Amino acid sequence: MKQVIATAGHVDHGKSTLIRTLTGIEPDRWSEEKRRGLTIDLGFAWTELPSGREVSFVDVPGHERFLGNMLAGLGPAPIVCFVLAADEGWQAQSSDHRDAIAALGIDHGLLVVTRTDLAPDRVEPVIAQARTELAGTSLAEAPAIAVSAVTGAGMDQLRVRLDEVISAAPQPAPTDRVRLWVDRSFTISGAGTVVTGTLAAGSVRPEDRLQVAGARRDGEVIVRGVHSRGGPAGALGPVSRAAVNLRGVDPDDLGRGDALLTPGAWELTPTVDVRRMTGAGFDESPAELIVHVGTAAVTARVRPLGSGHARLALERALPLAVGDRMVLRGSGSRSVRTGAHVLDVDPPALSRRGDGRRRGGILAEMPLHGDVAGEVSRRGAVRVHTLARRGLELAEDLGPEVRREGDWLLDPATFRSWTSRLQEMVEADRMRDPLSAGIPRKVALETAGVPDAALLDRVVSAADLTHREGRIRSRDEMGLGAAEQAVAILEQRLGTDPFRAPEAHDLADLHLGAKELAAAARQGRLLRLPGEVILAPAAAALAMRELSRLRQPFTLSQARQALGTTRRVAVPLLEHLDARGWTRRLDAGHREIVR
Ligand SMILES: Nc1nc2c(ncn2[C@@H]2O[C@H](COP(=O)(O)OP(=O)(O)OP(=O)(O)O)[C@@H](O)[C@H]2O)c(=O)[nH]1
Ligand SMILES: [Mg+2]
């Protein structure tokens, strides 16, 4: 069980020093960071806790200028380590970072008061101050601990506490779908492009195919290798820092804000409807905001739908799901404006007057985990798989408003309308032509508006219709109409001479065309074999009686003589018996009866 923890806290409060002391790894990677003693971009380190569990850290910058980098580190992290300097106490970016954590809904973490060697008597008041400032936020109940990264005081207890916090956090399934938000991409000579990110759920292994949701490219890529803790790994599971070596990708094609996905498992959406969870409402929202989600930061046009909800039109499509949390920030602003929760990743267009107001009302009623019944009634029919992609949870009992048919969830009214539409179509077809073989399935699909073939089968049986050879028709037959008399004549002739099939001119004289013959065959009156060889249905059994008297195996010509018929009749008749499994073909010239 691995975990990833992000730091947070005011600039210069000792975040990077704490991580360095804890792990022995320098998180400030850049020479400029080292020179200035200031974190600019994300830093990465890892260690083993007393339990033997591996924990990785994403160290974020505190300086307000690098809020974007800070959010890219915090975005995908499930746990946060909130750092306060004992000698300085709560400061401006402490508030900013608290707001970001609350906006992202991160509710697992711990409070670390560091630099206690500089102000030993400030520990209690600083913790008290932090509790006040964090009241009502997701970290209100977080455990607090005092340390000095310089003297090492409290560091052992910190390790124990980290283990406790990790144990309390949920452990995502290694089988979940992958959405790896990329925070870095670089090239390793000989290995090619490597991207890194926090693997929050699912697993990645060599040779996996992943879908790219990127600002510069899409399509699929193949994983050449995976690394964690600086070394190669057979497979990576959650929650871990992942370095993924990709085949055939230019490092410039991928970067922070892009994501690697389980192919087909995510909806890439340019439009979402969201609910305000923290911070300012949408009443006086600027027309444009920056949306931070995962490691991405994109511009979005904002359409308020009441004060608590809004539609965000993103500058590019992102892999989002219901339940995702995002930070909204004014462009140019260095603080968090609103924390938002995604309610719908495929919302309906708002084109008519009053649509916005109506939509605001619907969103206000929508539960946080989305509205399956609403989704089904709005769309008429939706696949279970599509809902899962969108992040909607399926309850055991879907209620009376949802009808489940196989892989589909249906609005009962929609299903009823398909059923009656199909019944009408079949009835109209039969009125037009009593001998009709029925409506082709393709036509039924298109005209009735049924979205797929498997679903059509269910509509057919709900409508008490039947389908045969690609056509849908009524269960009860209407008789043969005008062809009745001609068929009766044929039946009589075949009754006396069962293997003497009528010739084409006989059928023409009787006005029996393909349609009439098909209807008679369907109704069990005639046996219609390929080549328009027409026999009585009893011909098969009669033929068997004759053939069983022959020496086995027999040839075509022996069979023909035994039946007293022509090649034209004998060939399709024997093939018909083969198909029924009554006779068996041994080689090109011989058959035998199957006993
Ligand atoms: N005496 C003492 N100094 C500390 C301690 N922890 C950090 N410092 C010092 O505090 C200063 C800032 O530490 P950093 O670790 O760079 O702070 P930071 O929070 O990572 O800063 P940013 O990343 O820029 O936000 C450095 O000069 C550290 O040496 C501590 O426990 N005791
Ligand atoms: Mg730092």
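The values are calculated or read from the model by the stated rules, or taken from the named source; none is laboratory data. Everything numeric in this text was worked out from a predicted model, so none of it was measured. Counting neighbours? That spans all protein chains shown, and the Cβs are built from the backbone with ideal geometry, glycine included. Just the protein is used for accessible areas: all its heavy atoms, side chains included, with ligands, DNA and RNA removed. Shrake-Rupley method; radii C 1.70, N 1.55, O 1.52, S 1.80 Å.
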| task | Place a +1 charge on the Cβ of each Lys and Arg in region 362-506 and a -1 charge on the Cβ of each Asp and Glu, then give the dipole magnitude about the Cα centre in debye, rounded to the nearest 20. | result | 300
| request: Give a residue-ordered list of calculated ³J(HN,Hα) values for region 304-316 (Karplus: 6.51 cos²θ - 1.76 cosθ + 1.60, θ = phi - 60°; whole Hz; x for Gly, Pro). | output: x, 10, x, 6, x, 9, 7, 9, 10, 9, 7, 4, 8
| said: With every protein chain kept in place and ligands, DNA and RNA left out, what is the accessible area per residue of the chain? Probe 1.4 Å, answer in Å². | reply: 44
| remark: The alpha-carbon center of region 147-162 and that of region 41-116 are separated, in whole Å, by 16
| region 421-449 and region 561-581: distance between their alpha carbon centers, rounded to Å | 35
| request: Give, rounded to the nearest 20 debye, the magnitude of the charge dipole that region 406-481 has about its Cα centre when Lys and Arg contribute +1 at Cβ and Asp and Glu contribute -1 at Cβ. | output: 100
| Which lysines, on any chain, are close to K34 with Cα under 26 Å apart, when same-chain ones fewer than 8 places away are left out? | K15
| Order of exposure, largest accessible area first, which applies to D96, D346, D218, D250 with probe 1.4 Å | D218, D250, D346, D96
| Near the amide H of A201, under 5 Å away, which other amide H atoms are found, from residues 5 or more places off or on another chain, if H is placed in the peptide plane? | R179
| note | Stretched fully, the stretch from E546 through D156 gains (0.36 nm per residue minus C-alpha distance, one decimal, in nm) 130.8 nm
| Under-5 Å amide H pairs with V58, H placed in peptide plane, nonlocal only | I5, A6, T7
| request: Starting from the amide H of V272, placed 1.01 Å from N in the peptide plane, find each other amide H under 5 Å away whose residue is 5 or more places distant or on another chain. | output: L312, L314
| field | Cα-based shape type of region 186-244, given that a ≥ b ≥ c are square roots of the gyration tensor eigenvalues and the cut on a/c is 1.5 | value | oblate
| query | Where the centre of each part is set by its Cα atoms, how far does region 263-292 sit from region 377-419, in angstrom? | reply | 26
| field | Theoretical gain in end-to-end length, A454 to R500 [0.36 nm per residue, Cα-Cα removed] | value | 12.3 nm
| Under a no-solvent Debye model with one identical scatterer per Cα of the chain, what's log10 I(q)/I(0) at q = 0.05, 0.12 Å⁻¹? | -0.40, -1.14
| request: Pull out a ≥ b ≥ c, the square roots of the eigenvalues of the alpha-carbon gyration tensor of region 531-595, then state rounded if a/c is under 1.5, prolate if not and a/b is larger than b/c, and oblate in the remaining case. | output: rounded
| said: Just to verify a number: what accessible area does E365 come out at with the full protein assembly present, 1.4 Å probe, Å² rounded to tens? | reply: 150
| query | Using θ = phi - 60° and the Karplus curve 6.51 cos²θ - 1.76 cosθ + 1.60, what whole-Hz ³J(HN,Hα) does each residue of region 51-67 get, with Gly and Pro shown as x? | reply | 6, x, 6, 8, 10, 10, 10, 10, 8, 9, x, x, 4, 4, 5, 10, 4
| message | Quick check: at a probe of 1.4 Å, how many percent of the accessible area of the chain sits on carbon and sulfur atoms? | response | 49
| task | Just order 77-85, 509-517, 251-259 by mean Cβ neighbour count inside 10 Å, highest at the front, would you? | result | 77-85, 251-259, 509-517
| query | So what are the ³J(HN,Hα) numbers for region 424-433, from phi and the Karplus equation (6.51, -1.76, 1.60; θ = phi - 60°), rounded to whole Hz, Gly and Pro as x? | reply | 4, 4, 5, 5, 4, 5, 6, 5, 5, 8
| query | How large is Rg/Rh for region 46-163, to two decimals, with Cα atoms and a Kirkwood Rh? | reply | 0.94
| task | Could you grab the relative contact order for region 207-353? Cα pairs under 8 Å, six or more apart, rounded to a whole percent. | result | 22
